[in-house]
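The values are calculated or read from the model by the stated rules, or taken from the named source; none is laboratory data. Predicted, not measured: the structure shown is a model, and the values here were computed from it. Reconstructed Cβ throughout: ideal geometry from the backbone, glycine too, with neighbour counts over all protein chains shown.
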Amino acid sequence: MENQNLSSYYRCPSNIALVKYWGKKNGAAQIPANPSISINLSDLYAETKVTIQHGNVSGLPAFSFLLDGQSKNSFHSKIETFFKRIWQEFEVVRNFHLHIESRNNFPHGTGIASSAAGFGALALCICDLEQQVTGKVFPNFEQEASKIARLGSGSACRSILPNLVEWGEHSEVSNSSNLHAIEILKPEKGNGFPLMDIVLIVDAGEKKVSSSEGHSLLDANPYSEVRYEVAVKNITNLIHAIRRDNMRSIISIVESEALQLHAMMMVSSPYYMLFRPNTVAIIEKVWEFREKSSLPVMFTLDAGANVHLLFPELYRTQIVNFIETELLPFCQNGLYFCSATGAAPVKLN
């Protein structure tokens, strides 16, 4: 077969949301209930290779999947759903059996967005293979990849683009869309940027409540509409604060967003909590350290127990020393990951 063994290979970073995406619009595939802003974690990524192995005439998605060299049946249904959503649009998915090999350079399911990195890389590979097979040229390759990455994992659409990225319609953000993410701002180098992100691993295990389950619980949450309104306001305020290099405002918005995310979990029905005692201890230590040192370090959280510390790269030495001397006892096996932020995905050989 002419197309057999054609392949595509991409590295795609994870991302951390500064204004959180939490909740989906009813009756729509992966449409956010509120807009969000994120920044990529340059050094925490997935690498995915997709190879065309042979033809497919079954009328159903045909693929095999390996994560870190091992078969992972638990991912099969998510990938199958993704392929069904893009079935009509992508000839490479309809007509071929695809072999997918992926690896993360960080633990899966620990509050680092592995699904965002994984589906981001997979979407880039699929778009690239579609161009190879059909000769089609996507006028905006990144936008197309972001559009379909969203159909695998909502937050994956933000990993496709560099710098500060926004996803979701917002009246004050030009070209914003519910269908794909856009790059909104490349912060000027100053006291606040570039940022570093250090992820403190409080719990390296799988979350007891998945993000998909958490999103669905927002439908009946009595506070969800207020939460969506606050997120919209915080988008505007965060963009203004970044443009003014106002670290005090940036810190206030980012930390408030993290706490609101987990507050929504705790007032869902059924309610649940992904905090751990050590999560709270780290947050309190960060507040105490910031008060004493006057250094602009802030925390944020994903949908898990682990804590992200964001701070200007300028203060890396002082923050790492703070972590090593005061925060390691709260980390599982003393584990943490350090990453620059803002990088774009990379096509690999």
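So here's what we get for this one:
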| item | result |
| --- | --- |
| Segment 60-72, residues that are out of contact with any Phe, Trp or Tyr (no Cβ under 8 Å at 6 or more places or on another chain), outside any strand (DSSP E or B) and more than 30 Å from Ser339 (Cβ to Cβ) | Leu60 |
| Index of the failed condition, Ala29 passing every other in (1) touching a residue at least 60 places away in the same chain (Cβ under 8 Å); (2) surrounded by 19 or more Cβ atoms within 10 Å (Cβ to Cβ); (3) not polar (S, T, N, Q) | (2) |
| Residues of segment 5-32 satisfying the condition of being farther than 21 Å from Leu259 by Cβ and not in a strand (DSSP E or B) | Asn5, Leu6, Lys25, Asn26, Gly27, Ala28, Ala29, Gln30, Ile31 |
| Matching residues, segment 293-344, being within 24 Å of Arg11 (Cβ to Cβ), in a helix (DSSP H, G or I) and modelled with pLDDT of 95 or more | Arg316 |
| Tabulated pairs, segment 195-216, first in a loop (DSSP other than H, G, I, E, B), second basic (Lys, Arg) and modelled with pLDDT of 85 or more, C-beta under 8 angstrom, 6+ apart or interchain | Val202/Arg276; Asp203/Arg276 |
| One residue from Ser159, Ser216, Ser212 being on the phi < 0 side of the Ramachandran plot, of a type in the set (Ser, Thr, Tyr) and crowded, with 18+ Cβ neighbours inside 10 Å | Ser159 |
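Matching residues to (1) in contact with a strand residue (DSSP E or B) (Cβ under 8 Å, 6 or more places away or on another chain); (2) part of a loop (DSSP other than H, G, I, E, B); (3) closer than 24 Å to Ile16 by Cβ; (4) without any contact (Cβ under 8 Å) to a residue 40 or more places away in the chain:
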position	(1), (2), (3), (4)
Arg94	no, no, no, yes
Gly118	yes, no, yes, no
Leu124	yes, no, yes, no
Val133	yes, no, no, no
Phe138	no, yes, no, yes
Pro162	yes, yes, yes, no
Glu166	yes, no, yes, no
